[in-house]
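Data first, discussion second: the structure below is written as structure tokens.
The values are calculated or read from the model by the stated rules, or taken from the named source; none is laboratory data. Just so we're clear, the structure is a prediction, and the values are computed from it rather than from any experiment. Using ideal geometry, Cβ is built from the backbone for each residue, glycine included, and neighbour counts are taken over all protein chains shown. Heavy atoms of the whole protein, side chains included, go into the accessibility calculation; ligands, DNA and RNA do not. Shrake-Rupley method; radii C 1.70, N 1.55, O 1.52, S 1.80 Å.
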Protein chains: 2
Amino acid sequence: MQLLVNPSPEKCKKNLARPVHKTKQINKIVKPILKKVEKSGDKALKKFAQEYDHVQLDTLLVTEQEITAAKELVSKELKAAIAVAKSNVERFHAAQATPDLVEEVMPGVVCRRKSVPIQRVGLYIPGGTAPLFSTVLMLGIPAQLAGCQEIVLCTPPNREGKIHPAILFTADLIGISKIVKVGGAQAIAALTFGTESVPQVDKIFGPGNQYVTAAKQLVTKYGVAIDMPAGPSEVLVYADESAVPAFVAADLLSQAEHGIDSQVVLVTPSEKFAKKVLKEINEQLETLPRKDIAYKALSNSTAVVMEDQEKAISLINQYAPEHLIIAVENEDEVVDKIVNAGSVFIGNYTPESAGDYASGTNHTLPTYGYARNYSGVSLDSFVKKITYQKISPEGLKTLGPIVEVMAENELLHAHKNAVTIRLNYLKGKKK
Amino acid sequence: MQLLVNPSPEKCKKNLARPVHKTKQINKIVKPILKKVEKSGDKALKKFAQEYDHVQLDTLLVTEQEITAAKELVSKELKAAIAVAKSNVERFHAAQATPDLVEEVMPGVVCRRKSVPIQRVGLYIPGGTAPLFSTVLMLGIPAQLAGCQEIVLCTPPNREGKIHPAILFTADLIGISKIVKVGGAQAIAALTFGTESVPQVDKIFGPGNQYVTAAKQLVTKYGVAIDMPAGPSEVLVYADESAVPAFVAADLLSQAEHGIDSQVVLVTPSEKFAKKVLKEINEQLETLPRKDIAYKALSNSTAVVMEDQEKAISLINQYAPEHLIIAVENEDEVVDKIVNAGSVFIGNYTPESAGDYASGTNHTLPTYGYARNYSGVSLDSFVKKITYQKISPEGLKTLGPIVEVMAENELLHAHKNAVTIRLNYLKGKKK
């Protein structure tokens, strides 16, 4: 981890730059996968399962028997933990519901807005080294709360053609029954085009490796929406001497273990504190099973000593971190000044991992600086807000002439005429 | 306009298919424009103004003098109309504000969510045949209500290097002072990369021709967000014999005059009614200044007689119209069953043009079937919703063990350790 002391904004920008995506090379691999799935459906999915997951699948859909068997394999302790996390996530996401809006903007002119579920959604849960059942909660719970009609979960099988029991248990717990054994870019393609086993969906959610990310970006051409653009995960910790160096080190490491391209950033007013944290990191690193990954991530990471708090906050807002931990004395004041961040963790007893799993907030968050212009996944991500208007004859008598003048000035005479013809009718003139 | 009577779902799908975008050819033209603006800034913008707008510009920014002069040129009548539209749009959009959410999900575990304005937004207002000052209202008002710090409006100049006075008047009325004389793909590039005159923004809004649309899609690679993917405008009218054929014809024509690629669709249970509407269309068409445009749009358009109401509603939801007019006897019942639409106009006295200008709803809506998975522009479009959590020591004692179990089962030990280290500290153990 590099240490910068009171660097210039340019120096900061350079050191905190995110890694550049190598989209071209990856798209070259992903595009033919999309094409093949579009053309051959399940047949292509089974072929890719052989090729990439090293397994021959007869059926792609997870059966009821498999789900029942999986439930037996999850420990009581984990079941209880997942139940608490579910309850917290449900509670915070249910509270996000937008009540219907009805506004009579003028007498006889009533505007409404209503949240309507996106009908068909696809949830992608990565396979790989860690079974991300927590992501099943984070995507599945708001999808269910929103009332999406069809929820399809795709996740890659292991070499025995099985899905991790904790993933099946969690999906079943929140009422998702359509689970498909398919991973990678081919899963994204299946959700986009539909296959014999995989229903076509309107929006695709979920994290994934660079192939999944590239596929999600590419399929937006075909009318499907995605949750947000993605990049490697990241955390920025802003801490002063009121914080505990060991806690800060643990938080930075918990992000660093995600992947070798994860970014972790420490911003602090005190060089002494920064050095204590770096020392703690070195000590704690040794105890971690994923220390090689964390080590590599840390080698691309930076600790910034920034004595001036205004400058520190400006740096944070410019970086726009996915996760932002604030452990400083005047935390409320700092929190109020944060304008770009995905999710904010406040105080010494709020580790990022609390939000990753169970505090109730969503862990699907904008990375790569997208916190400037995107929100994390929430109940809103699973609905559209449709607007409605109803105008009474009396309302049109007031509003109509306004519309006529505006339409005429925009040279859109048919727009004007749609009002005029009604006003004339109301006046008793035929047309 | 083609007439289909009780067609099969396949036939409907084929006839109501949207025109395919020719993205490849357009991207070939747009990509070099983006590159040149990124590289040469204002110099490139001025060169493109000469090439595409046929005007030599010394300065790109609209001056205060120009705005003052423009105000003189707008009629009192239009000023008054714009003021009413502004008031309605403001009222309906202000009502969309999401109150801050605070939820103590467990004792000592407090989650919050707050809307924070996207800091820098760019609004694109097309030039061309019609001066779209109404779009200035539709984008500028929610941007101001949201509290965006920097609002930049780009719009192409005419051959005298001027912007239409109604656009300048409207922008000034809602407090937008940064107005840049730049149109086309080069405007989108300027907002994405920033130039000497045009600030870089976080999100770009607004309609435009196919070059603008292509540019918006392409620049999303560079970290900027856009309001939504775009396509030609469209309306679907669902009307039965309780509706007035002349009104329906006028509504269909008001959409058809937008552009030759506009789509208009009539769905009705009655063939007799459909024929009356078609007859009305032919009569009204003759009176329109933009009749050539409307004629071409109509030649790609379809009237569908669908006697069965369930099938008609299913067709509408499958088509997912940008604008949906419902003028049938059991309107409430039908409205409740609509799950895919941008904005809905209910009853005989609610023409689409009311919403286009002044009813209060936004007119920037998802086209091209994107009403399945996108909302129209609203106050939400100009904010991010940041989540926060704060856990007390007591809260962590309850929630921490849950997180430890889940992290361990996802094989993320550093995630677990960020909790364990704190719990140990609270128990009085050093680390």
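The set of residues from the stretch B:103-112 being more than 7 Å from chain A (Cβ to nearest Cβ) and either open to solvent by less than 40 Å² (accessible area, probe 1.4 Å) or not aliphatic (A, V, I, L, M) (or both) comprises B:Glu104, B:Pro107, B:Gly108, B:Arg112.
When B:Leu278 is tested against (1) in contact (Cβ under 8 Å) with a residue 40 or more places away in the chain; (2) crowded, with 24+ Cβ neighbours inside 10 Å, just one condition goes unmet, and that condition is (2).
Of the residues making up the stretch A:89-134, those that are acidic (Asp, Glu) and over 30 Å from B:Gly355 (Cα atoms) number 1. Out of the stretch B:74-102, which residues are crowded, with 19+ Cβ neighbours inside 10 Å, at the interface with chain A (Cβ under 9 Å from one of its Cβ atoms) and within 23 Å of B:Ala146 (Cα to Cα)? Listed by number, the residues that qualify are B:Ile82, B:Val84, B:Ala85, B:Asn88, B:Val89, B:Phe92, B:Gln96. So, A:Val264, is that one touching a helix residue (DSSP H, G or I) at 6+ places or on another chain (Cβ under 7 Å) and assigned to a loop (DSSP other than H, G, I, E, B) or not? No: the conditions fail for A:Val264. B:Pro117 falls short of the stated requirement of being open to solvent by 10 Å² or more (accessible area, probe 1.4 Å), within 17 Å of the chain's Cα centre (by Cα), more than 7 Å from chain A (Cβ to nearest Cβ) and under 28 Å from B:Gln200 (Cβ atoms). Just a yes or no: is a residue in the stretch B:54-73 more than 9 Å from chain A (Cβ to nearest Cβ), open to solvent by less than 10 Å² (accessible area, probe 1.4 Å) and assigned to a helix (DSSP H, G or I)? Yes: the stretch B:54-73 contains one or more residues that are more than 9 Å from chain A (Cβ to nearest Cβ), open to solvent by less than 10 Å² (accessible area, probe 1.4 Å) and assigned to a helix (DSSP H, G or I).
Let's see how each residue does on (1) more than 7 Å from chain B (Cβ to nearest Cβ); (2) hydrophobic (A, V, I, L, M, F, W, C):
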position	(1), (2)
A:Ile346	no, yes
A:Thr350	no, no
A:Asp356	no, no
A:Gly360	no, no
A:Leu365	yes, yes
A:Ser375	no, no
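The set of residues from the stretch B:379-420 being in a helix (DSSP H, G or I), at the interface with another protein chain (Cβ under 7 Å from one of its Cβ atoms), open to solvent by 10 Å² or more (accessible area, probe 1.4 Å) and of a type in the set (A, V, I, L, M) comprises B:Ile402, B:Val405.
Scanning the stretch B:222-240 for residues that are within 13 Å of chain A (Cβ to nearest Cβ) and either part of a loop (DSSP other than H, G, I, E, B) or within 30 Å of A:Tyr368 (Cα to Cα) (or both) returns B:Tyr222, B:Gly223, B:Val224, B:Ala225, B:Ile226, B:Asp227, B:Met228, B:Pro229, B:Ala230, B:Gly231, B:Ser233.
Of the residues making up the stretch A:221-241, those that are over 15 Å from A:Pro366 (Cα atoms) and in contact with a Pro (Cβ under 7 Å, 6 or more places away or on another chain) number 1. All of (1) under 29 Å from A:Asn88 (Cβ atoms); (2) more than 11 Å from every other protein chain (Cβ to nearest Cβ); (3) open to solvent by less than 10 Å² (accessible area, probe 1.4 Å) hold for A:Glu333 with one exception: (3). The single residue among B:Val20, B:Val5 that is surrounded by fewer than 16 Cβ atoms within 10 Å (Cβ to Cβ), over 27 Å from B:His164 (Cα atoms) and in contact (Cβ under 8 Å) with a residue 60 or more places away in the chain turns out to be B:Val5.
Matching residues to (1) acidic (Asp, Glu); (2) surrounded by fewer than 24 Cβ atoms within 10 Å (Cβ to Cβ); (3) under 29 Å from B:Ser392 (Cβ atoms):
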| position | (1), (2), (3) |
| --- | --- |
| A:Tyr295 | no, yes, no |
| A:Ser299 | no, yes, no |
| A:Tyr319 | no, no, yes |
| A:Gly347 | no, yes, yes |
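Counting the residues of the stretch A:164-185 that are in a helix (DSSP H, G or I) and either open to solvent by 10 Å² or more (accessible area, probe 1.4 Å) or in contact with a Gly (Cβ under 8 Å, 6 or more places away or on another chain) (or both) gives 7. Restrict the check to the stretch A:252-261 and report whether at least one residue is open to solvent by 20 Å² or more (accessible area, probe 1.4 Å), farther than 30 Å from B:Asn373 by Cβ and within 11 Å of chain B (Cβ to nearest Cβ). No, the stretch A:252-261 contains no residue that is open to solvent by 20 Å² or more (accessible area, probe 1.4 Å), farther than 30 Å from B:Asn373 by Cβ and within 11 Å of chain B (Cβ to nearest Cβ). Does at least one position in the stretch B:23-34 carry a residue that is farther than 28 Å from B:Val237 by Cα, among the hydrophobic types (A, V, I, L, M, F, W, C) and open to solvent by 90 Å² or more (accessible area, probe 1.4 Å)? No: the stretch B:23-34 contains no residue that is farther than 28 Å from B:Val237 by Cα, among the hydrophobic types (A, V, I, L, M, F, W, C) and open to solvent by 90 Å² or more (accessible area, probe 1.4 Å). Residues that are out of contact with any Leu (no Cβ under 8 Å at 6 or more places or on another chain) and under 25 Å from B:Ser381 (Cβ atoms) occur in the stretch B:249-257; there is at least one.
Tell me yes or no: at least one residue of the stretch B:262-273 is open to solvent by 20 Å² or more (accessible area, probe 1.4 Å) and touching a residue at least 40 places away in the same chain (Cβ under 8 Å). Yes: one or more hits. If I ask for residues that are small (Gly, Ala, Ser) and either assigned to a helix (DSSP H, G or I) or touching a strand residue (DSSP E or B) at 6+ places or on another chain (Cβ under 9 Å) (or both), which ones from the stretch A:129-141 would you list? Those that are small (Gly, Ala, Ser) and either assigned to a helix (DSSP H, G or I) or touching a strand residue (DSSP E or B) at 6+ places or on another chain (Cβ under 9 Å) (or both): A:Ser134, A:Gly140. The single condition among (1) of a type outside the set (A, V, I, L, M, F, W, C); (2) open to solvent by 20 Å² or more (accessible area, probe 1.4 Å); (3) in a loop (DSSP other than H, G, I, E, B) that A:Gln144 does not satisfy is (3).
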